[in-house]
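A short write-up of the structure that comes next.
The values are calculated or read from the model by the stated rules, or taken from the named source; none is laboratory data. Note that the structure is predicted; figures quoted are calculated from it, not measured. Methodologically, a virtual Cβ is constructed for each residue, glycine included, from the backbone with ideal geometry; neighbour enumeration extends over all protein chains shown.
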Amino acid sequence: MSARHFLSLLDGTPDELKALIRRGIELKDLRKRGVLFEPLKNRVLGMIFEKASTRTRLSFEAGMIQLGGQAIFLSPRDTQLGRGEPVADSAIVMSSMLDAVMIRTFAHDTLVEFARHSKVPVINGLSDDLHPCQLLADMQTFHESRGDIAGKKVAWVGDGNNMCNTYIEAAMQFDFELAIACPEGYEPEARFLTQAGGRVRLVRDPREAVAGAHLVCTDVWASMGQEGEAEARLERFRPYQVDCSLLDLASPEVLFMHCLPAHRGEEVSCDLLDDPRSIAWEQAENRLHVQKALLELLIEPAYHHA
C-alpha cells in the first residue's frame, strides 16, 4: 500500500477533514484529563525545517512524544539536503528509516518531489504555497467556539500569501463563504481563486470584506523570505490593519484569528490579541491536538490490537 500524504487540504475529503477536527477535540480532552494514550509507541517522525519555526516544531514534536513516539529535528545544517543532495535521494533514504516525515520548506515542489519518492507519509508543515495544518487548527478552534463553519462568512484581510491560499481551499472543503481584502498586486494565486469559483470574493476595502463576517483572519505583511520588501509592504498594507473598530463591523458573534507570530501595531493593532473576540492563543494550542489526530491517521501503529 502506498503511503498517504497530507500536502494540502484537498488531500482529504470534507468528511475526513471534519473527522480529523472531531478527533482533535477528543485528543485535547484526553490530554486535559491526563489520560495516557500512546498508539504511536516506537514510531519516529522526521521533521525537516528549511524555515524557522516555534509552533510547528513544538506541536509536532510534543504531539509525537504524547502519542508515545519520537520526533527528530533536522535543520538544513544537519542534513545533506542543505548541501545539494537531490530531494528524491533524500526521500528514499529517510523514508526507509522513519515512519513519517514533516517538512517545512520554501518551494512547494520540494514537498511534492519528496512525497513522490517517500515510502512513508509526508506532511506539509508549511510551504510558500500552503499551510494546511494551520487551517486544521483554525477550523477546530472555530468549531469549539461556534460549531459548524459551513454557510458562515469568513474574511481574510492582508496579504494573499500561503495562509490566504489555504483559506481558499478551506472554503471549498468546509463550505463557507470567503471575502479577501488585499491591496492590488498582493492577491492570492489565480489558480486557487479559479478552483474555488464563486465561493471566494476579492475586494480592496477591508471594511467590505469584514461586514457581517463570523470569522476575521490576518497574517504578517512580510513573510519569511520577504524581509527585503518589508518597508514597501508596510506602506502598502497600512490601511489593512485589523483593529477593534474594524472588528465592530463584523457579526456580533465574530471571532478573530492570527496564525502568529504577530507584529503588534502592524497587521494587528496592539490591543487586538487581548480583545475577548480574539482566540489566537487557543488557535495556537490546537495545532498540537489536531496534528496529533493527523499523525494518528497517517502513521501505521507499531502494534495491531487483535
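Values as computed for the structure displayed
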item: Residues that are under 25 Å from T110 (Cβ atoms), of a type in the set (A, V, I, L, M) and buried (at least 17 other Cβ atoms within 10 Å of the Cβ), drawn from region 1-43; result: A3, L7, L9, L17, L20
item: Members of region 273-293 found to be without any contact (Cβ under 8 Å) to a residue 60 or more places away in the chain and of a type in the set (K, R), listed by number; result: R277
item: Some residue of region 139-154 being in the same structural domain as Y186 (by TED's automatic domain parsing) and part of a strand (DSSP E or B); result: yes
item: Residue that is of a type outside the set (D, E, K, R) and in a loop (DSSP other than H, G, I, E, B), where the choices are G225, G197, G125; result: G225
item: Condition met for E231 (of a type outside the set (V, I, T), without any contact (Cβ under 8 Å) to a residue 12 or more places away in the chain, out of contact with any Ser or Thr (no Cβ under 9 Å at 6 or more places or on another chain) and farther than 27 Å from M172 by Cα); result: yes
item: Qualifying positions in region 119-128 - of a type outside the set (A, V, I, L, M, F, W, C) and closer than 18 Å to G12 by Cβ; result: P121, N124, G125, S127
item: Given (1) aliphatic (A, V, I, L, M); (2) within 26 Å of G34 (Cβ to Cβ); (3) touching a strand residue (DSSP E or B) at 6+ places or on another chain (Cβ under 8 Å), index of the condition I48 fails; result: (2)
item: Residues that are at pLDDT below 95, part of a helix (DSSP H, G or I) and surrounded by 15 or more Cβ atoms within 10 Å (Cβ to Cβ), drawn from region 57-86; result: L81
item: For A230: the one exception among (1) surrounded by fewer than 16 Cβ atoms within 10 Å (Cβ to Cβ); (2) modelled with pLDDT of 95 or more; result: (2)
